[in-house]
Amino acid sequence: MNLTKLALLGGKPVRTQPFTAWPIYGKPEEKRLLRTLHSGKWGKLNGPEVAGFENRFATMHGCKHGIGVVNGTVSLRIALLAAGIRAEDEVIVPTYTFFSTASAVVEANAVPVFVDIDLDTFNLDPKAVAAAITPRTRAIIPVHFAGQPANMSAIMALARKHKLVVIEDAAHAHGASYRNQPAGSIGHMASFSFQSSKNLTSGEGGLLTTNDDKLAEACRSIHNCGRIPTGIWYEHHVISGNYRLGEFQGAVLNAQLDRLETQTKTRNRNGQYLASRLAQLPGLHPQKRDADCTRHSYHLFMMRVEGDAFGAPRGAVIKALQAEGIPCSGGYGLSLHHQPLFRNQAFGPYLPKASTKLNYQKTHCPNSDLICREQCIWLEHGIFLGSRSDIDDVTHAFEKIHENREALTGWSKKQSAK
């Protein structure tokens, strides 16, 4: 086999061994799970695991309060309700994010207002936020996309000026920091996810953080059937539900949390190294990391590929990378405002069309659209938990593809003609 020929075209792949598998687990998780099983205390209200995890996670992220919930979508909705969001209030969200950042707004009976992202950082553009604020705006949800904190100084300045609530969507940002301040401690509240792909996982789960005592009290009530500390058990004060995290998930999360600091340092180091290497190739633009990002959690390694400058289109580069043994994808196929849910305003019992003033078919977010359509490549965080040689393999695959860009472009054109 030709060592320099692309694996996609019959050559030998750069890598044949798998990268670090996720999740990582072992005896600590097993011990805590068995202890919880035999204790018979499987619910949050009578066991030690969730309460212990809430305190530990909040402390690690610079917050007084942590409230464990069933997932990261619910945590966003609870935060909106706790903030006092009312029917048809407007909440600003980025159009490049998972749909639950915006669907949680709809489920709070509020109106998501989509704004564009910065082309280099993939995060919410503060200038676009400022332009989208109206008298009905009540909150902003910045997403720390891929694990890089958004421009929180600019966003918090806008929030102070217009008296808005800021809810950090930190689903990707466990252990990340902005100007040495932990993600999740900068806004008024923050939402974390522990879904199976996340950097800290229990399969499913989520958590709210805040330093505001009143917001914490409201979140706790909403996640616990509307109960309050001074009330009796069957006394319910606000619209709410049972959104509590269970003890088995708490047990796993406590064991996983013991690993998080070391894993985050490893991801951060390897991510920075790969970015420095790939930036040397024409047409490749790793997610721009400003000095304000004092630690990136690299839930994803994000980059843009400009097909003309690199010499091959994004779709062909992804196929070639996969053939070389580098797992990757193009990420989101379309911006949120193009999703059928929002274009058709398929909001179920929420926000009747007659009362929804925004026409999402008129939303214009060119940066997000460009990234989705033809430029973005995602590498998942398991790649960055290994050694420097793992990262060198990723670099070599990109270098090999660039060296064979003409052959790859020819292959791509043939595929398109079929």
- Taking the range 306-340 and keeping only residues that are of a type in the set (A, V, I, L, M) and surrounded by fewer than 16 Cβ atoms within 10 Å (Cβ to Cβ), one is left with Ala309, Leu334
- Kindly state which helices (runs of 4 or more DSSP H) lie completely within the range 58-151 and contain at least 3 residues that are surrounded by 24 or more Cβ atoms within 10 Å (Cβ to Cβ). 72-82, 100-107
- Query: If we scan the range 260-279, do we find a residue that is of a type outside the set (Lys, Arg), in contact (Cβ under 8 Å) with a residue 12 or more places away in the chain, more than 25 Å from Phe192 (Cβ to Cβ) and not in a helix (DSSP H, G or I)?
  - Reply: no
- Message: Condition (residue is more than 23 Å from Glu204 (Cβ to Cβ), of a type in the set (Val, Ile, Thr) and touching a helix residue (DSSP H, G or I) at 6+ places or on another chain (Cβ under 8 Å)) applied to the range 14-30: is it met by at least one residue?
- Response: yes
- Enumerate the strands (runs of 3 or more DSSP E) found wholly within the range 281-381, keeping only those where 3 or more residues are of a type in the set (A, V, I, L, M, F, W, C). 300-305, 376-380
- Message: Which count do you get for residues in the range 1-30 that are without any contact (Cβ under 8 Å) to a residue 12 or more places away in the chain and in a helix (DSSP H, G or I)?
- Response: 2
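Where a number appears in this text, it was derived from the coordinates with a stated rule and is not lab data. Since the structure is predicted, the reported quantities are computational estimates derived from the model, not experimental observations. Note that we place each Cβ from the backbone using ideal geometry, even for glycine, and neighbour counts take in every protein chain shown.
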